[in-house]
Amino acid sequence: MSTLTAPTSRGPAAGDRRQPPTNRSRSGGQWMRRIPIQLLVAAGALAMIYPVLWMASSSLKPDSEIFSGSANLLPETFRWENYAEGWNGLREPFETFYLNSFIISALAVAGNLLTCSMAAYAFARLRFRMRALWFAVMLGTIMLPYHATLIPQYTLFYELGWVNSFLPLTVPKFLATDAFFIFLFVQFIRGIPKELDQAAQIDGAGPLRIYTTIIFPLLRPALVTGAIFTTIWTYNDFFSQLIYISDTALYTVPLALRMFLDTTGESAWGPMLAMSTLSLLPLVVMFVLFQRQIVEGISTTGLKG
Amino acid sequence: MSSLTEERRRMPAPALRQPSPPHSHRRRALAPYLFLSPWLIGLLVFVMGPMAASLYLSMTDYNFLQDPNFIGVDNFVRMFTSDPRYLSSVVVTATYVLVSVPLQLVFALALAMLLDRAIAGIAIYRAVFYLPSLIGTSVAVAVLWRTVFGSDGLVNAALGAIGIDTTHSWVGNPDTALMTIIALNVWTFGSPMIIFLAGLRQIPRSYYEAAEVDGAGHVRRFLSITIPLLTPIVFFNFILQTIYAFQAFVPAYIVSNGQGGPADSTLFYTLYLYQQGFANFDMGYASAMAWVLLVVIAAITGINFLLSRYWVFYADGDR
């Protein structure tokens with residue numbers, strides 16, 4: 001199962017061992033030869049990002065202009081009302097949906113960081129019977145398609161009376177079901193010098209104190225990565241929110257967008273695109289703030305962005 | 001760290017310490033299970049239990065309202081003999097995986113190699129190319145896709161600009177709807193690209209310099225150095241993206257209003273599973289579909305691991 005780690009990683013500190021970017025341009029002539037490549041890449045980048053830019057600009061256009069066949073990025077008339085209309089276009093205003101999304105994300109982050117780091121500490125540092133077997137089981141659950149557990153889980157949550165609440169989306173996170181993060185944290189803890197534990201042990205510290213005073217604080221970089229990816233995944237998660245939440249007051253941002261599409265449909269593209277643009281904003285802000293952690297998280301573990 | 005040193009200061013000197021009482025040994029032995037307990041409970045209640053239950057349900061006619069009746073392998077027989085929509089969902093999903101994953105990886109590798117050529121502004125390009133991966137599974141982007149590939153969307157506007165006037169609705173036509181969703185997956189090549197970039201950075205420069213001295217050209221260096229040394233990463237990306245692709249849901253759901261249309265052309269496996277389970281409440285059948293998906297993904301992953309012996313090259317020779 002070691003192949004689960006991206007082959008680019010050589011342990012948790014792989015990020016620290018990045019080679020400094022080598023300056024391979026040896027002469028001006030080489031630089032000149034690279035101009036076509038530069039142009040090609042720049043054109044490619046523009047084409048990649050163009051739909052998103054188009055969406056952002058169309059969110060400010062009147063409907064008639066959006067589909068006038070013009071691919072212009074600059075609106076001829078700015079229609080800021082799209083945002084106000086979109087924000088209040090459903091039975092609840094969008095602040096409800098953002099709040100719901102953020103509550104679920106925050107709880108998921110808290111649950112993942114706490115319980116996955118606890119399990120990771122046990123796997124990385126403590127001795128217990130059949131540790132290798134349990135570890136293999138844990139790795140095996142990482143790639144499990146969620147459909148395999150979907151129907152019984154739904155029935156279970158239904159029997160518990162949890163359907164149409166945030167509980168099915170958050171309680172499992174407090175039981176370390178996102179095993180991926182256990183794996184991430186185990187890798188990181190293995191890179192923390194064992195001498196620190198041993199010194200504390202000599203001083204009479206038990207596992208609980210070692211975990212709270214040494215491992216958890218030193219795990220911080222990995223915890224940050226875990227928090228970022230938990231937030232992105234939870235915020236983007238549509239499927240489980242779709243099946244578990246039916247009350248509009250409990251809707252998250254993706255569910256609200258879906259409802260917007262269903263109710264106003266083809267009649268209010270401006271407000272629809274305005275809310276779509278806004279819904280991407282938290283992700284873009286996270287990316288701008290945590291670009292280094294995100295890039296490192298992906299290149300060392302293959303985390304799905 | 002500061003808390004550790006404080007902790008130490010408060011501790012009595014080792015010589016003065018009493019030998020630990022026997023009960024602390026028992027506490028030590030219990031400690032691992034204490035730390036593991038949330039995960040163990042979660043494993044039992046949310047993973048192992050439901051997996052076993054769904055295996056059982058797959059052999060029943062469970063419909064959520066009544067108690068399940070055991071019907072043996074009827075669900076599985078039905079899938080492959082009397083459910084044309086199921087078979088078409090298999091074809092749609094297989095096409096999606098087989099076309100979009102290789103294309104996505106080709107783009108990822110090509111762009112990684114271009115960016116690795118110490119291009120100016122690599123950080124900005126990396127960010128721009130990665131952004132679609134970050135937002136690609138969101139509802140907003142699926143909505144955008146519907147608009148862009150609609151009859152008067154951006155794609156037709158671009159075609160009009162180069163002289164091809166058309167009002168073809170790419171998402172509305174059964175022949176092209178799946179293609180738009182494949183394009184969406186290819187568009188999110190940024191995350192494998194980042195993994196490729198990290199891999200390229202680890203290939204020692206000296207290999208290329210030595211090959212250059214020996215007179216190897218660009219193509220030769222690419223085929224004899226880059227590709228072999230990159231095979232573990234190609235393999236890793238391929239396994240991951242294949243597993244993800246099999247489970248694609250959001251774009252198909254949004255682009256087709258949850259119906260998989262037009263004419264079932266975007267009826268992805270997961271979408272059909274959702275319809276059977278949560279629209280028709282045919283949950284026994286949905287469980288059977290889920291288990292087939294699980295077995296297929298596991299088998300494909302297993303086969304890929306076996307095949308990897310013949311083409312994946314590990315430089316350190318430890319596998």
Which one of the conditions (1) buried (at least 20 other Cβ atoms within 10 Å of the Cβ); (2) more than 7 Å from chain A (Cβ to nearest Cβ) does residue B:80 fail to meet, given that it meets all the rest? (1)
Modelled with pLDDT under 90 and among the aliphatic types (A, V, I, L, M) - does that describe any residue in the stretch B:250-265? yes
Give the number of residues within the stretch A:36-80 that are in contact (Cβ under 8 Å) with a residue 40 or more places away in the chain and of a type in the set (Asp, Glu). 1
Looking at A:210, A:294, A:214, can you tell me which residue is open to solvent by less than 10 Å² (accessible area, probe 1.4 Å) and closer than 16 Å to residue A:113 by Cα? A:214
Look at residue A:299 and say whether it is among the polar types (S, T, N, Q), at pLDDT below 90 and farther than 30 Å from residue B:152 by Cα. yes
Matching residues, the stretch A:220-232, being open to solvent by 10 Å² or more (accessible area, probe 1.4 Å) and within 15 Å of residue A:100 (Cα to Cα): A:231
All positions within the stretch A:190-206 that are open to solvent by 20 Å² or more (accessible area, probe 1.4 Å), within 22 Å of residue B:34 (Cα to Cα) and assigned to a helix (DSSP H, G or I): A:190, A:194, A:196, A:198, A:201, A:202
Considering each of A:78, A:97, A:102 in turn, give the residue that is aromatic (Phe, Trp, Tyr), open to solvent by less than 40 Å² (accessible area, probe 1.4 Å) and either more than 14 Å from every other protein chain (Cβ to nearest Cβ) or closer than 30 Å to residue A:233 by Cβ (or both). A:97
Which of the following residues is in a helix (DSSP H, G or I) and hydrophobic (A, V, I, L, M, F, W, C): A:144, A:133? A:133
Filter pass, residue A:175 being at pLDDT below 95, facing chain B (nearest Cβ under 8 Å) and under 19 Å from residue A:229 (Cα atoms): no
Considering only the stretch A:122-178, state which residues are under 26 Å from residue B:244 (Cβ atoms), among the β-branched types (Val, Ile, Thr), more than 23 Å from the chain's Cα centre (by Cα) and open to solvent by 20 Å² or more (accessible area, probe 1.4 Å). A:137
Residues in the stretch B:157-177 that are part of a helix (DSSP H, G or I) and surrounded by 23 or more Cβ atoms within 10 Å (Cβ to Cβ): how many? 1
Does any residue of the stretch B:92-99 turn out to be under 29 Å from residue A:257 (Cβ atoms), open to solvent by 50 Å² or more (accessible area, probe 1.4 Å) and touching a Gly at 6+ places or on another chain (Cβ under 9 Å)? no
Sole miss for residue A:73 among (1) open to solvent by 30 Å² or more (accessible area, probe 1.4 Å); (2) in contact with a helix residue (DSSP H, G or I) (Cβ under 6 Å, 6 or more places away or on another chain); (3) in a helix (DSSP H, G or I) is condition (3)
Wholly enclosed helices (runs of 4 or more DSSP H) of the stretch B:228-319 bearing at least 3 residues closer than 16 Å to residue B:95 by Cα and away from every other protein chain (no Cβ under 11 Å): none
How about the stretch A:82-105: which of its residues are small (Gly, Ala, Ser) and within 14 Å of residue A:253 (Cβ to Cβ)? A:86, A:89, A:101, A:105
In this structure, is residue A:181 within 25 Å of the chain's Cα centre (by Cα), closer than 25 Å to residue A:101 by Cα and assigned to a helix (DSSP H, G or I)? yes
Looking at the structure I just gave you, is residue A:128 within 11 Å of chain B (Cβ to nearest Cβ) and modelled with pLDDT of 90 or more? yes
Hey, could you check the stretch B:57-77 for residues that are open to solvent by 30 Å² or more (accessible area, probe 1.4 Å) and touching a helix residue (DSSP H, G or I) at 6+ places or on another chain (Cβ under 8 Å) and say which is nearest to the other protein chains (Cβ to nearest Cβ)? B:64
Residues located in the stretch B:106-143, provided they are open to solvent by 40 Å² or more (accessible area, probe 1.4 Å), in contact (Cβ under 8 Å) with a residue 24 or more places away in the chain and facing chain A (nearest Cβ under 8 Å): B:126, B:137
Residue count for the stretch B:190-217, restricted to those that are more than 9 Å from every other protein chain (Cβ to nearest Cβ) and in a loop (DSSP other than H, G, I, E, B): 6
Pairs, please: C-beta under 6 Å, at least 6 apart or cross-chain, first residue without any contact (Cβ under 8 Å) to a residue 24 or more places away in the chain and in the stretch A:232-244, second buried (at least 20 other Cβ atoms within 10 Å of the Cβ)? A:238/A:254; A:238/B:139; A:238/B:250
Yes or no: the stretch B:142-164 includes at least one residue that is under 19 Å from the mean Cα position of the chain (by Cα) and closer than 21 Å to residue A:67 by Cα. yes
Residue A:276 meets each of (1) more than 7 Å from every other protein chain (Cβ to nearest Cβ); (2) open to solvent by less than 10 Å² (accessible area, probe 1.4 Å); (3) at pLDDT 90 or above with one exception, condition (1)
Please go through the stretch A:243-263 and give me each residue that is away from chain B (no Cβ under 11 Å) and surrounded by 17 or more Cβ atoms within 10 Å (Cβ to Cβ), ordered by number. A:245, A:250, A:251
Sort through B:200, B:230, B:184 and tell me the only one that's touching a residue at least 60 places away in the same chain (Cβ under 8 Å), surrounded by 22 or more Cβ atoms within 10 Å (Cβ to Cβ) and farther than 30 Å from residue B:156 by Cα. B:230
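The values are calculated or read from the model by the stated rules, or taken from the named source; none is laboratory data. Everything quoted here is computed from the prediction, not taken from an experiment. Virtual Cβ from ideal backbone geometry, glycine too; neighbours counted across all protein chains shown. Just the protein is used for accessible areas: all its heavy atoms, side chains included, with ligands, DNA and RNA removed. Shrake-Rupley method; radii C 1.70, N 1.55, O 1.52, S 1.80 Å.
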